[in-house]
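Peer 1: Sharing a structure here in structure tokens format.
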Amino acid sequence: MGPRSRLQLEQKLRDRNVPEDLAHALLSRFEEVGLVDDAEFARMWVRSRGETRSLGRTALRRELSEKGITGETAEKALGELSPEAEEDAARRLLARRVRPFDREDRAARDKELRRLVAMLARKGHAPGTAFRLAAEVLAAEVLDAEALEVPNGET
């Protein structure tokens, strides 16, 4: 079991029928001694999920809210995720997920672009950023494919 937010621990104690006043006193004491720290939990969550799941700020904000982390605490944690790191994670995800398509067929390229943009949007990336990054990855795919092609008659 990894780190948990105060809200998650409250819910777990409630599920185990711990009296509310005892749970509150226990969690308050845990906060005093540093065993429960929502700010640290939020920073760790943003760093981890941003890198491993390639999530954008919107998805991370939603996940933090589900864990009971909102307001200034959430915004401070999200502020530690640089736009460059967010874009790098999205590019790595796109590079892994791009499917082969007929580079000569504009409709096939557009379909792949829409698929990749939709995937990034579901992961909480801004629409403009998602479109720009997906277009960059597809353009690089086309250039890589052209560089690997051997002209007819040459060896």
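Peer 1: For Phe30 and Arg132, what is the calculated FRET efficiency with R₀ set at 41 Å and r taken between the beta-carbons, to the nearest 0.05?
Peer 2: Efficiency, from the Cβ-Cβ distance: 0.40.
Peer 1: Normalise the Cα radius of gyration of the range 83-148 by 2.2 N^0.38 Å (N = residues in it) and let me know the number. It would help to have the intermediate numbers written out before the result.
Peer 2: Details: Rg = 11.6 Å, N = 66, 2.2 N^0.38 = 10.8 Å.
After normalising by residue count via 2.2 N^0.38 Å, the value is 1.07.
Peer 1: If you take the beta carbon distance between Arg114 and Asp88 as r and set R0 to 25 Å, what does 1/(1 + (r/R0)^6) give as a FRET efficiency, to the nearest 0.05? Walk me through the numbers before you get to the answer.
Peer 2: Details: r = 23 Å, r/R0 = 0.91.
Once the sixth-power term is evaluated, E becomes 0.65.
Peer 1: Still on this model: Hey, which lysines would be in cross-link range of Lys12, C-alpha to C-alpha under 29 Å, not counting anything within fewer than 8 residues on its own chain?
Peer 2: Cα-Cα hits under 29 Å: Lys67, Lys76, Lys123.
Peer 1: Here's something else I'd like to know. What are the equivalent ellipsoid semi-axes of the range 6-79, built from the alpha-carbon gyration tensor (square roots of five times its eigenvalues), in whole angstrom, biggest first?
Peer 2: 26, 13, 10
Quick note: the coordinates plus some simple rules give every number you see, no bench work behind them. Nothing here was measured: the structure is a model prediction, and the numbers come from that model. Neighbour counts are summed over all protein chains in view; Cβ atoms, including those assigned to glycine, are modelled from backbone coordinates with ideal geometry.
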